[in-house]
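Report on the structure given below.
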Amino acid sequence: MVVRGNCFCICDSGTCNWWFFMGNCRSGNPTDNIIVNHDFYKGLYSWHPNCCNGFIVSANSGNRVGLSPKSGGNYAVIKNRTEHWQGLEQDITSKISPGSTYSVSACVGVSGPLSGSTDVMATLKLLNHGSGASYMFIGKTSVSKGKWEMVEVVIRCPSSSKSESTSIGCSAVGDEVIINPQFENGLSNWSGRGCQVVLHDSMADGKILPETGKFFASASERTQNWNGIQQEITGRVQRKLAYNVTAVVRIFGNNVTTATIQATLWVHTPDRGEQYIGIGKVQATDKDWGQLQGKFLLNGSPSRVIIYLEGPPPGTDILVNALSVKHAEKIPPLPPPIIENPDYGVNIVTNSQLSDGTDGWFPLGNCNLSAASGSPKILPPMARDSLGVHEPLSGRYILVKNRTQTWMGPAQMITDKLKLFLTYQVSAWVRIGSGASGPQNVNVALGVDNQWVNGGQAEIKDRRWHEIGGSFRIEKQPLKVMVYVQGPAAGVDLMVAGLQIFPVDRVARFKHLARQTDKTRKRDIILQFSGSESSSLFGTSVTVMQTQNSFPIGSCINRTNIENEDFVDFFVKNFNWAVFGNELKWYWTEPQRGNFKYKDADDMLALCQNNKIETRGHCIFWEVQSTVQQWIQALNKNDLMKAVQNRLTGLLTRYKGKFRHYDVNNEMLHGSFYQDRLGKDIRTYMFKTANQLDPSATLFVNDYHVEDGTDTRSYPEKYIEQILDLQQQGAPVGGIGIQGHIDNPVGPIVCSALDKLGVVGLPIWFTELDVSSLNEHIRGEDLEVMLREAFAHPAVEGVMLWGFWELFMSRDNAHLVDAEGEINEAGKRFLALKHEWLSHAHGRIDIQGQFEFRGFHGTYVVEVETESNKVSRTFVVDKGDSPLVVSIDL
């Protein structure tokens with residue numbers, strides 16, 4: 001087959017228009033075309049046939065290949081092609097301008113042994129500093145013998161990276177990455193991944209028809225979950241660009257009515273081997289077509305990329321009507337919500353004090369409600385912290401009897417009283433009657449359009465009144481909202497007093513926290529100046545600038561992230577600690593027995609060390625069984641104990657002195673795999689052995705939902721009980737980790753947990769903090785709540801975010817920076833807080849040769865302008881209660 005170009009044009013679309021005329025590609029200003037010799041009037045000057053041969057057919061010569069040019073101009077003929085990627089190329093490196101958008105046009109035809117049509121593609125070859133070549137597909141057209149066709153596309157090139165190691169890269173605007181996305185050309189470019197792929201216009205006697213177009217494909221004879229339909233997209237996707245993936249899918253056969261279908265990216269890189277990237281998933285059915293949606297981004301420069309669908313059990317066919325991959329367009333962020341008359345602190349529960357008996361309440365289920373007296377008259381502490389001075393409660397409560405199901409209890413409709421985007425605090429006193437067998441969970445719940453929302457939980461082991469507290473927020477208009485109290489076992493009476501649901505005033509709380517922060521994180525500083533000119537320093541100008549706050553604020557990173565220069569740039573500028581998302585976990589470092597994989601962690605640790613970033617080791621073990629490798633789960637007791645010993649010795653010897661912290665056995669309040677198999681003492685053994693192997697590391701417990709009142713497995717008192725029990729057995733527990741995966745945070749609830757845990761006397765860290773909201777402004781506000789609470793509390797000694805970059809976080813709508821590097825509103829709020837927590841001062845030296853100010857702990861630069869010169873010195877402010885005197889010798 002021979003591929004020819006009649007003319008080729010790339011123009012900056014911001015400054016010109018282009019058209020074809022007499023066989024040439026021209027723009028309104030011919031100099032706008034960055035292609036040299038675009039019309040081939042100088043032969044092949046500036047062109048290079050890539051591993052093939054080429055020649056020019058002039059306007060005056062005879063037609064040598066059986067096809068007349070589109071006009072009377074010259075055209076190039078490229079022949080002796082043995083590979084699909086061979087063709088005509090030109091180096092345009094010096095002509096591309098970062099930040100510009102370009103129109104690309106080429107007139108092409110084909111001849112030779114070809115039946116039907118074929119695709120001719122335009123591709124960019126990108127030579128990246130330090131990472132070799134990568135190829136990016138930018139446009140294509142379908143061509144038949146005997147016809148000229150146009151390849152037309154618009155590409156845009158991002159602004160220059162701040163990193164010198166980043167090459168210029170361009171992306172096609174709105175162009176489809178998938179070839180033959182709706183199977184118009186049969187199964188061309190598609191193949192089976194370990195199975196057969198068949199084209200259909202219908203199935204099941206005409207009951208299954210394509211939703212769009214004329215055809216669909218099936219991946220059949222599947223014997224593994226990963227079998228499915230695939231397409232190689234190497235060279236058609238570019239690193240550091242986000243792509244949206246959509247697919248129309250369903251399942252068929254094997255008596256399976258519903259199953260998960262997942263889109264996955266298989267990526268191969270020369271230095272790291274193969275990776276699997278989950279893109280998106282959908283619960284597919286055998287009844288109708290459904291849409292799968294997802295998004296991905298490649299940080300590095302892979303040598304091969306394949307997208308495929310997988311997931312249903314073996315024997316079940318995956319049906320695909322269409323699969324599309326396109327560069328993700330920027331979606332404008334939602335505006336900040338406008339809330340009129342928020343009525344902060346006003347209880348929306350009707351007849352909360354029961355002054356009218358049980359009016360406004362109704363029994364949920366076939367139980368009985370009555371009003372009784374004898375409950376506390378004071379507000380629960382967490383509500384009191386939010387509301388301040390408040391009238392006492394009435395002392396009356398709802399008594400719920402004849403409960404035959406755990407969900408039965410008092411209920412009330414509150415639909416019309418709620419306002420969108422407000423954060424509501426929930427507070428109540430609860431108690432249970434006699435007859436309970438063991439601890440009982442009591443829950444304030446909300447039914448939001450029949451969806452359960454957790455408003456707070458408490459575990460009750462006795463007959464006392466207990467505080468229950470939680471929070472919620474509604475961001476989409478509901479049809480109906482019901483609040484109800486549920487939980488104890490059937491037959492156990494339930495008592496509820498003083499239920500309060502009120503919107504919280506976060507700004508007022510921030511003002512309180514600012515005063516607390518001043519006490520906790522600042523210190524009085526006296527700069528005492530001396531030197532040869534000290535006698536004449538009175539009145540001399542002094543400027544003090546803080547360059548770094550010493551409070552640890554870090555982030556989770558992943559190995560693939562460090563291939564993205566933009567990610568690394570943001571990370572090293574804004575964080576002073578790091579934790580690895582997966583790369584230090586046992587299932588990562590030893591996925592199969594004896595098959596060790598430490599290179600990823602080594603690479604990440606090197607990055608942190610080179611940038612003077614401290615690291616946490618997460619985690620040595622993980623107590624939740626679902627996270628434990630199958631080969632470990634299959635071991636007998638003796639072999640499991642040996643494996644635990646080897647894990648401790650191998651990891652802590654290899655990295656001795658390199659990780660400041662270790663989470664020794666993650667989530668011990670939520671799992672017990674090792675304890676169940678090796679006995680209770682195994683947890684103490686892990687701590688003791690880790691301490692012996694690396695005495696310099698602080699050893700942490702680490703768990704979730706400790707701070708938000710939503711989980712009876714991990715409330716503060718239970719966490720304290722676990723910590724004290726470990727210490728009594730001799731475990732050198734040195735720190736308390738609160739993960740901080742939280743929704744709708746309320747300051748006093750978080751602070752209450754910190755106060756309780758602070759009594760233990762160990763440093764507290766938020767180790768995996770993230771918040772989630774579709775609205776970036778609300779997300780930023782949630783993050784600000786958590787950061788301010790942590791920064792103001794004297795027991796908290798550090799905060800780790802569980803990531804910040806879109807597509808590389810464990811929760812959706814939690815990122816601070818979008819996939820292509822743009823800082824969103826939540827990210828701007830984060831950076832504003834970091835700036836707020838830097839102290840600056842300006843003034844003049846007093847008669848004693850001193851300059852006094854109050855500032856945050858951290859590193860400072862002081863500049864003094866004397867009569868003869870300008871002097872600069874660096875000093876550090878450590879923690880301390882008394883004023884710090886810093887001697888500055890000029």
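A few remarks follow.
- Mean-position separation - Cα centroids, segment 581-625 and segment 301-337, in angstrom: 29 Å
- Restricting segment 423-520 to trypsin sites (Lys or Arg not before Pro) that sit in a DSSP loop and have at most 15 other Cβ atoms within 10 Å of their own Cβ leaves 461, 463, 464, 476, 480.
- Signed unit charges on C-beta, dipole axis of segment 507-629, positive-most listed residue 507, 528, 544: 507
- Across segment 318-425, counting alpha-carbon atoms alone, Rg and Dmax equal 22.2, 66 Å.
- Loop-located chymotrypsin sites (Phe, Trp or Tyr not before Pro) across segment 555-631 with a Cβ neighbour count of 15 or fewer within 10 Å are 596, with loop assigned by DSSP.
- Residue 875 versus residue 842: modelled label distance in nm, points set 7 Å from Cα along the beta carbon direction: 2.0 nm
- Of 688/718; 511/573; 642/688; 522/658, pairs whose Cα-Cα distance is over 18 Å: 688/718; 511/573; 522/658
- Long-range amide H partners of residue 798 with built H, under 5 Å: 766
- Mean projected area of the Cα convex hull of segment 191-327, taken over all directions, amounts to 7.8 nm².
- Sequence-distant residues sharing a close amide H with residue 474 (under 5 Å, placed H): 421, 422
- Angle between the chain longest axis and helix 565-574 axis [Cα atoms, degrees, rounded to 10]: 20 degrees
- In sequence order, calculated HN-Hα J values of segment 101-111 (Karplus, 6.51, -1.76, 1.60; Hz; x Gly/Pro): 10, 10, 9, 10, 9, 9, 9, 9, x, 9, 8
- Using the Cβ-Cβ distance between residue 612 and residue 852 with R0 set to 35 Å, the FRET efficiency from 1/(1 + (r/R0)^6) comes to roughly 0.70.
- Taking the helices alone, the chain has a mean residue ellipticity at 222 nm of -5000 deg cm²/dmol, built from -39,500 (n - 2.57) per DSSP H run of at least 4 residues and averaged over all its residues.
- From the coordinates shown, mean projected area of the Cα convex hull in nm² corresponds to which of (i) 37.7; (ii) 50.3; (iii) 48.3: (iii)
- Where GluC sites (Glu not before Pro) in DSSP loops with at most 15 other Cβ within 10 Å are excluded, longest remaining stretch of the chain: 476-821
- Charge dipole (the chain, unit charges on Cβ, about Cα centre) - positive-most of 265, 719, 35: 265
- Dipole moment magnitude, nearest 20 debye, segment 362-504 about Cα centre, only Lys, Arg, Asp, Glu C-beta charged: 180 debye
- Within the shell defined by Cβ-Cβ distances under 13 Å, the residues around residue 695 carry a net charge of +2, with Lys and Arg each +1 and Asp and Glu each -1.
- Rounded to the nearest 20 debye, dipole of the chain from Cβ charges on Lys, Arg, Asp, Glu: 1220 debye
- Degrees, to the nearest 10: 681-693 long Cα axis against longest axis of the chain: 70 degrees
- The residues of the chain have, on average, 43 Å² of accessible surface per residue, using a 1.4 Å probe with all protein chains present.
- Helix 599-610 and the longest principal axis of the C-alpha atoms of the chain enclose an angle of approximately 70°.
- D (Stokes-Einstein, µm²/s), Kirkwood Cα radius, segment 362-504, 1.306 mPa s at 10 °C: 103 µm²/s
- Cα gyration tensor shape for segment 252-347, rounded if a/c is under 1.5, else prolate or oblate: oblate
- Alpha-carbon centroid distance for the pair segment 371-397 / segment 636-706, whole angstrom: 44 Å
- Carbon and sulfur %, accessible surface of the chain computed with the full protein complex present, 1.4 Å: 49 percent
- For residue 883, the shell of other residues with beta-carbons less than 11 Å away shows a net charge of -1, using +1 for Lys and Arg and -1 for Asp and Glu.
- Sum of side-chain charges, residue 313 neighbourhood, beta-carbon under 13 Å (Lys, Arg +1; Asp, Glu -1): -2
- The magnitude of the dipole of segment 816-890, with charges of +1 and -1 set on the Cβ of Lys/Arg and Asp/Glu and taken from the Cα centre, is near 140 debye.
- Computed from backbone phi with θ = phi - 60° and the Karplus coefficients 6.51, -1.76 and 1.60, the 3J(HN,Hα) list for segment 655-671 is 10, 4, x, 9, 10, 6, 10, 9, 7, 6, 9, 5, 6, 6, 7, 10, x Hz; x is used for glycine and proline.
The values are calculated or read from the model by the stated rules, or taken from the named source; none is laboratory data. Just so it is clear, the structure is predicted and the values come from calculations on it, not from any experiment. Glycine gets a Cβ as well: all are built from the backbone with ideal geometry, and neighbour counts include every protein chain shown. What goes into the accessible areas is simple: the full protein's heavy atoms, side chains included, and nothing from ligands, DNA or RNA. Shrake-Rupley method; radii C 1.70, N 1.55, O 1.52, S 1.80 Å.
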